[in-house]
Amino acid sequence: MNTLLWLPLLPLFGSLVPLLTARYHRNVCTLFTAMLPFIALLLVAEMTPDVLNGENQYAAAQWIPLLNLNIAFRLDGLSLLFSILILGIGLLVILYARYYLSSQDSIGKFYSFLMLFMFSMLGVVLSDNLLQMWMFWELTSISSFLLISFWGHKSEARKGARMALTITGAGGLSLLAGIIILGNVVDSYSLQVILDSGDFIRAHSAYPVILVLFLLGAFTKSAQFPFHFWLPHAMAAPTPVSAYLHSATMVKAGIFLMARMHPVLADTDLWFLIVSLTGLTTLLLGAYIALFKHDLKGLLAYSTISHLGLITLLLGLDTRLSTVAALFHIINHATFKASLFMAAGIIDHETGSRDMRQLNGLWKYMPHTATLAMVAASSMAGVPLLNGFLSKEMFFTETLHQEALGSLSWMIPVLATVGAVFAVAYSTRFIHDVFFNGEPINLPKTPHEAPRYMRVPVEVLVALCLLVGIFPGFIVGDLLYAASLAAINGPVPEYSLAIWHGFNYPLLMSFVATAGGLVIYYYRQPLFAFQANFSEPDAKQIFDDIVQNIIQRATTLFNFLENGSLQRYNYLLIALAVIMMAAPLMDLSSTLGTRPELPYNLVDITAAFLLVIGALTTVICHRNRMLALISLSIVGFIVSLAFARFSAPDLALTQLSVEVVTIVLLMLSLFFLPQRAQKQSNPRRVIRDLSISAVIGGLIGTICYALLTRPLNSISDFFVVNSKTGGGGTNVVNVILVDFRGFDTLGEITVLGIAALGIYKLIARMRLFMPSGDYKGRPWSNDAHPMMLAVLSQSLLPIALLVSAFIFLRGHNMPGGGFIAGLITSVAIIQQYIAHGVDWMKHRVKIDYQILIGSGIAIAALTGVGSWFFGKPFLTSWFDYFYWPIVGKFELASAMIFDLGVYLTVIGATMLILANLGKLTTSERPIQKEEE
Amino acid sequence: MEGIYAFCVGMLTACGIFLTLRGRTFSVVLGLTMLSYSVNLFLFASGRLSIDSAVILGESEVYADPLPQALVLTAIVIGFAMTAFVVILAMRARADLGNDHVDGKDPNEIAASMALNKKGEMN
């Protein structure tokens, strides 16, 4: 297995380890948890030389090739840089959290979430497929939600987690949209393909849309203005989470995305404008607000926002060197900010407070921690010999080389210096206000130094700050070069990581920033008083208001569309259907086609007239239900005549027999339903329904006419040619049913059977009010069943059965078949029920209709299975001709057995429905039977 | 002839749709039955109209299109099963809910109870 695949897999398995080891001592759990990421870090170290030599590592496995979806990982310079940050700082955070979390916190759960996050973050930076990267991107949102809300008993933790998830999740959706559009433009989701088609994408008309969608994803994740507000609220998380997610990793995912897509999306004016202006705004806003935060973590959060803005600005400036500077600052910010968060956590842990108005003069109590924090904060301020200084100098240099804003370009370096002034000011505050400036005030705990090993992670990071600051080229030179190579995807310009560049403008800017920052900090009291005039906008409140507003609007829309009235839904659906149908019809130039029409004749016209009268009577008299039913039966009768007229004898027979069964069924139901309905609808609704019905009727009629007058181009010739030779029957319709499309028919009789069983269950527990008379209150007649009908139907029964047998047998060659024969048999039996009543029938007919349905479907299915024994596919038919004395030559076909199955199912289903419904009208009600 | 046929299909559709938009279950059932007539006729029309040309091999010179016929034949039977199911559902709804309105609530009763307070325009 490829080594690269293990990189994300190890933390994934690692998320189980803490859960398994949590029952042992904390140290054991910590040790085992750290094991897998440590191995992963070793693997990275093993692959590093290759990557630094320009040999990117790949690992891929096919997943859904049709969708261009592969599981693909790559390790190039950029992902190498991020992998080291993720794994390295992750390990330090694991050690730190061991001491930070109290004994009440479930450390196993915490580590598990942390490893899950590590897994998703590694997935983001290692993915070689954009869709896959997006999946990991969303996983980081989810795992960070779990981590922020780790102290779920605190309301602010829950709210902060929800806010972070909403904002980053929404950005993730926008990113997905961007990825899909991009994937369609390039016709691939593979990162390499996309990186290589930068010019094509930038020239494409969809470029602005893609860019904005991608940037929305990046800005929300990296807390850029105006989406920055979630980050301070995410500070409700335990401090190890803040040190990991909110300084080094998750908030850098947006930056990573911009760097990753840099070869594709950057280098245009649009990119420059959006990215650099957003970055600049965020830089200034974050730096300014950070100064006024009394909460240690709040200060750090806004400072993070500000530094993220700085990196974004660098990526936006879009000279090749600015990208190098951005990557360099990513490393530096990760080291000093993670150590500062850890130091803030130590202070919080050992004093019980994070409020800088209470925290004063801690130098005396925790000199060791104080020294570390002061070095890190100086790096944040950009003091020479520390890594923050180097990248800040590079940043200043790049702002000076900007001409994109024309004559206003001078504003960028000036505003950058203003931002740096505030950075120095808040860094000074972090140092002076916390460690000096008098004595602590009302602290919950007496401050003391943190446990030895809790300080180790901070020491490591601060040492890195110093080392990178003093020997930049030696420590990170190669790594930075490789990362720049990947982010630029082209030649990397010359740059120097030296500490001393001589007296020049950037140095002057640094000097101004330091001096200005110290002055501002010195005069902070008037500034604080001035700032107190403005009420701070409560981001949580605004966010909640917006969310509530959206919910309210959605509810209004929802209530408008779904008010509980089925009539209304039905109307809306039909209206939609009208719109969908009408639009394509507009394109039809002429309704009349070229096919010659049949001549009119008086009989047809009369039948059509009757049909229209029947349909209209049904509508007009639909409240007089008996009358409506009789008119409806006229319509059904004419429909079956129409089938007979237009050369479809099978249809005519089917329709005729179904018609009988349907009308009997509806009459039976009318016994239980009100026979007359009062006037319901108001005139307005009647007009509305009439108009939409007329429109849809007109549309359907038009389509039907257009269809009928166009020449026929059918696939049916195949059936006509092969019916006799392949299926052994001359009635092509029947051969299609039982042979060519036998599988369909099998499905259809199954549906029929299921419907009948469903009805049976519905009837079984029905408790109906048994009407004793009609709607006028006249009692039902108690006469016995008329003798004439009884005698007639009894003598008709054998004939009817004979006819149905005849129809069944001839079905393969002449109109008929299982469906029709089954219906005729059912009608004959129903007639007995009508003539004699349920009681009489009960003693004479002892057929279990459910078994009939089951055996029918079984016979049909077994016929199909039978062909397997002859090595043929399911439902292959067989037929042959035989000679029998007296009878003569006759045909036997397996299709007839199949048709027998159809026949039995149809009888079973029809009778199950009608006989059970009929039983309801007597004292023999199934509910009583079930309750016995 | 085709014109009359198309008119009839349109007519049945219009009547069927109007009935399915009514508020009482039985009207809806009638409407569905009517709609299934029109749908079957429409599907059948996709094979075009022809007279005296049933698809019985050897019985006539030209043959009608057998495929729509086969499809419509099963559609008729399934249509019956569906109508039956809806009817029984309507009866069951009336048995369980005490009225035969499609929404399961009788607007007349609601209106009567609300009439004390204000003029209800329920429908």
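Suppose R0 equals 25 Å. What FRET efficiency, 1/(1 + (r/R0)^6) with r the Cβ-Cβ distance, do A:LEU627 and A:ASN601 give to the nearest 0.05? If you can, show how the numbers build up before the last one.
Values: r = 30 Å, r/R0 = 1.22.
For A:LEU627 and A:ASN601, the calculated efficiency is 0.25.
Is the shape of the range A:782-917 rounded, prolate or oblate, going by the alpha carbon gyration tensor and its root eigenvalues a ≥ b ≥ c, with a/c under 1.5 for rounded and a/b larger than b/c for prolate? In terms of gyration-tensor shape, oblate. Helices meeting the span-like rule in chain B (full DSSP H runs, Cα extent of at least 24 Å along the helix axis, mean Kyte-Doolittle score of 0.5 or higher): B:2-20, B:25-45, B:66-97.
Protection proxy ranking for A:435-442, A:857-864, using the average of other Cβ atoms within 10 Å per residue and placing the highest first: A:857-864, A:435-442. Helix A:77-100 axis versus longest C-alpha principal axis of chain A: approximately 80°, rounded to the nearest ten. Rounded to the nearest 10 square angstrom, A:TRP500 shows an accessible area of 150 square angstrom against a 1.4 Å probe.
For A:HIS153, A:HIS333, write out the residues from largest to smallest accessible area, computed with a 1.4 angstrom probe and no ligands counted.
Working: A:HIS153 140, A:HIS333 0 Å².
Correct descending sequence by accessible area is A:HIS153, A:HIS333.
Ordering A:PRO457, A:LEU4, A:VAL324 by Cα displacement along the dipole of the protein assembly as shown toward the positive end leaves A:PRO457 in first place; charges were set at the Cβ atoms of Lys, Arg (+1) and Asp, Glu (-1).
Cross-link partners for A:LYS776 among the lysines, with Cα-Cα distance under 20 Å and sequence neighbours closer than 8 places in the same chain left out: A:LYS679. Gain on full extension, evaluated as 0.36 nm per residue between A:ARG844 and A:LYS445 minus their Cα-Cα distance, stands at 134.2 nm.
Over all residues in A:76-85, what is the mean tally of Cβ atoms on other chains that come within 10 Å of each residue's Cβ? Present the calculation step by step, with values, prior to reporting the outcome.
On the way: counts 0, 0, 0, 0, 0, 0, 0, 0, 0, 0.
Taking the mean over all residues of the peptide, I get 0.
In the range B:2-122, the inverse of the mean reciprocal separation of distinct Cα atoms equals 17.3 Å; this is its Kirkwood hydrodynamic radius.
For a test of the definition: using alpha carbon positions, the gyration tensor, and the 1.5 limit on a/c, classify the range A:382-527 as rounded, prolate or oblate. Each step should come with its number before you reach the end.
Numbers: a/c = 2.68, a/b = 1.34, b/c = 2.00.
Judged from the Cα gyration tensor, the range A:382-527 comes out oblate (a/c at least 1.5, b/c at or above a/b).
According to the Kirkwood relation over distinct C-alpha pairs, the hydrodynamic radius of chain A is 35.0 Å.
How large is the accessible surface per residue of the range B:2-122, computed with a 1.4 Å probe and reported in Å² as a whole number? Please list the in-between numbers first.
Details: 4460 Å² over 121 residues.
Spelled out: the 1.4 Å probe surface of the range B:2-122, per residue, equals 37 Å².
Computed on the range B:2-122, with alpha-carbon pairs under 8 angstrom and 6+ residues apart, the relative contact order is 21 percent.
When a/c reaches 1.5 or more, the comparison of a/b and b/c decides; with that in mind, is the range A:38-170 rounded, prolate or oblate per its Cα gyration tensor? Judged from the Cα gyration tensor, the range A:38-170 comes out oblate (a/c at least 1.5, b/c at or above a/b).
Loop only by DSSP, 13 or fewer other Cβ within 10 Å of the Cβ. Give me the trypsin sites (Lys or Arg not before Pro) in the range A:316-362 that pass, ordered by residue number.
Values: sites: A:ARG320, A:LYS337, A:ARG354, A:ARG357; in loops: A:ARG354, A:ARG357.
Here the sparse-neighbourhood loop sites are A:ARG357.
Sorting A:GLU449, A:GLU403, B:GLU2, B:GLU109 by solvent-accessible area of protein heavy atoms yields A:GLU403, B:GLU109, A:GLU449, B:GLU2, largest first, with a 1.4 Å probe.
What ranking, highest mean first, results for peptides A:818-824, A:519-525 when packing means the other Cβ atoms within 10 Å averaged over each residue?
Working: A:818-824: 29.1, A:519-525: 14.6.
Top to bottom by mean Cβ count within 10 Å: A:818-824, A:519-525.
Counting 0.36 nm for each residue step from A:VAL519 to A:VAL751 and taking away their Cα separation leaves a gain of 75.0 nm.
Can you give the FRET efficiency for A:GLU55 and A:ARG23, using 1/(1 + (r/R0)^6), R0 = 51 Å, r = Cβ-Cβ distance, to the nearest 0.05? Can you show the working numbers first?
Values: r = 44 Å, r/R0 = 0.87.
So the FRET efficiency works out to roughly 0.70.
Relative to the longest principal axis of the Cα atoms of chain A, helix A:566-586 runs at roughly 90 degrees. Centroid-to-centroid, using Cα positions, the range A:388-467 and the range A:2-73 are 33 Å apart.
Counting, for every residue in A:607-614, the Cβ atoms of other protein chains within 10 Å of its Cβ and taking the mean gives 3.
Each chain gives up part of its surface: A and B jointly bury about 9000 Å² of accessible area, both sides summed, for a 1.4 Å probe.
Compared with the alpha-carbon gap, the fully stretched path from A:ILE799 to A:LEU408 is longer by 130.5 nm at 0.36 nm per residue.
Computed with a 1.4 Å probe over protein heavy atoms only, the accessible area of A:SER205 comes to about 100 Å².
For trypsin sites (Lys or Arg not before Pro), the sites in the range A:721-824 that DSSP calls loop and that have at most 15 other Cβ atoms within 10 Å are A:ARG765, A:ARG767, A:LYS776. How tilted is helix A:3-14 with respect to the longest principal axis of chain A? Cα atoms for both, answer in degrees (0 to 90, nearest 10). Around 80 degrees separate the two axes.
Rounded to the nearest 0.05, the FRET efficiency derived from the C-beta distance between A:PHE474 and A:LEU415 at R0 = 45 Å is 0.85. Across peptide A:908-918, the average count of Cβ atoms from other chains found within 10 Å of a residue's Cβ is 2.
Once the 1.4 Å probe is applied to the protein heavy atoms, the range A:278-427 comes out at 24 Å² accessible per residue.
A crude spin-label estimate for the pair A:THR594 and A:TRP63, with each label 7 Å from Cα along the Cβ direction, gives 5.2 nm. With the charge dipole of the range B:2-122 set up from +1 on Lys and Arg Cβ and -1 on Asp and Glu Cβ about the Cα centre, the Cα lying farthest toward the positive end among the listed residues B:VAL87, B:LEU73, B:THR33 is that of B:VAL87.
The values are calculated or read from the model by the stated rules, or taken from the named source; none is laboratory data. Model, not experiment: these values are computed from the prediction. Glycine gets a Cβ as well: all are built from the backbone with ideal geometry, and neighbour counts include every protein chain shown. We work out accessible area using only protein heavy atoms, side chains counted, and drop any ligands, DNA or RNA first. Shrake-Rupley method; radii C 1.70, N 1.55, O 1.52, S 1.80 Å.
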